[in-house]
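To start, the structure under review is shown below, and the notes come after it.
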Amino acid sequence: MTYAQEKVKPYSPEGSKAEQVETMFNHIAPAYDRLNHTLSWGIDKLWRKKALRTLRAHAPQEMMDVATGTGDFAIQACRQLHPRRLVATDISEEMMRIGKEKVRKAQLEDRITFMREDCTRLSFPDGSFDAITVAFGIRNFEDLDRGLQEMRRVLRPGGKLVILELTTPERFPMKQLYAAYSRWVIPTIGRLLSHDRSAYVYLPSSIQAFPQGEIMKKVLQKNGFSSVVFRRLTCGICTLYTAEK
């Protein structure tokens, strides 16, 4: 299956999406955290807490945070769930460089390890992790099916996958308000704070093109996941997906 999101790229229709995403995040890394919290009005912190609460009863000891960026979700996971080990993976060295400093300040270096990984070709053995999280990064995958299959491969039987992703609201008036916000406000603020307008034109385009709700549920099931549930947050601006191997 080919998804429209795989054709949406940050800079050019030609060339590898993964390479363009890596270049984009290396470029905007210094402004990323400030932009993230500004554009979401800080609500992204509450979304992460809700996502991690779904793993509390599972009590995972070996975790991986895919597309970890600057490590916010990884740090929060360690504080909320207290795993023995968490591997934070990303393709952007600059984002992880900032994340490593945050982890050092949080005194979590003994539990969080950063590794540069391509999500479609993970280097870990089968059944390595009890739980995998992906927050606001799965729409950047070069190949969604391969990425999901790789995450399922490295999960242990019964292991949990938790995905947070930005989505487009479906109901009036939030649908209309969000359309205006994503068309005008996000690119403007993105350009001012990161000096990379293309990155924040790509953001709403990639959200709109990505499979959402019931469609994403079917994608997860097609790639071997069971017990797939999704929940829309904040009037549909974000969606939380949970699934099991």
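The values are calculated or read from the model by the stated rules, or taken from the named source; none is laboratory data. As the structure is a computational prediction, the values presented were derived from the model and not from experiment. Ideal geometry is used to build each Cβ from the backbone, glycine not excepted, and the neighbour counts take in all protein chains shown. For accessibility, only protein heavy atoms count, side chains too; no ligands or nucleic acids. Shrake-Rupley method; radii C 1.70, N 1.55, O 1.52, S 1.80 Å.
Before moving on, here are some points about what is shown:
- GLY127 sits among other residues whose Cβ lies under 11 Å from its own Cβ, and their net charge, with Lys and Arg +1 and Asp and Glu -1, is +1.
- Ellipsoid equivalent to region 180-231 - semi-axes via the Cα gyration tensor, in Å: 32, 10, 8
- Volume per residue for region 17-163 equals 98 cubic angstrom (convex hull of Cα atoms).
- Proximal charge balance of ARG152 [Cβ under 13 Å; K/R count +1, D/E count -1]: +2
- Of all lysines in the structure, the ones whose alpha carbon falls short of 29 Å from that of LYS7, not counting any fewer than 8 places away in one chain, are LYS17, LYS160, LYS175, LYS217, LYS218, LYS222, LYS245.
- Other residues within the sphere of radius under 11 Å centred on the Cβ of SER205, judged by their own Cβ, net out at +4 (K and R +1, D and E -1).
- Beta bridges per DSSP, both residues in the chain: antiparallel share near 40 percent.
- Protein-only accessible surface order, largest first, of CYS235, CYS119, CYS78 at 1.4 Å: CYS235, CYS119, CYS78
- Farthest toward the positive end of the dipole of region 116-245, out of GLY213, PRO169, ASN140, is the Cα of PRO169, where the dipole comes from beta carbon charges about the Cα centre.
- Share of carbon and sulfur in the accessible area of region 74-197 stands at 51%, probe radius 1.4 Å.
- Nearest-20 debye value, the chain charge dipole, Cβ charges on Lys, Arg, Asp, Glu: 900
- Isotropically averaged projected area of the chain, using the convex hull of Cα atoms (one quarter of hull area), nm²: 11.9
- Signed unit charges on C-beta, dipole axis of the chain, positive-most listed residue SER182, PHE129, THR239: THR239
- Overall dimensions of region 3-45 by Cα: Rg and Dmax, Å: 12.8, 35
- Net charge dipole, region 107-245: roughly 460 debye, given to the nearest 20, about the Cα centre with Cβ charges of +1 for Lys and Arg and -1 for Asp and Glu.
- P(r) tail fraction, region 101-245 - alpha-carbon pairs more than 26 Å apart, %: 36
- Probing with 1.4 Å while keeping every protein chain in the model, the per residue accessible area of region 1-90 equals 45 Å².
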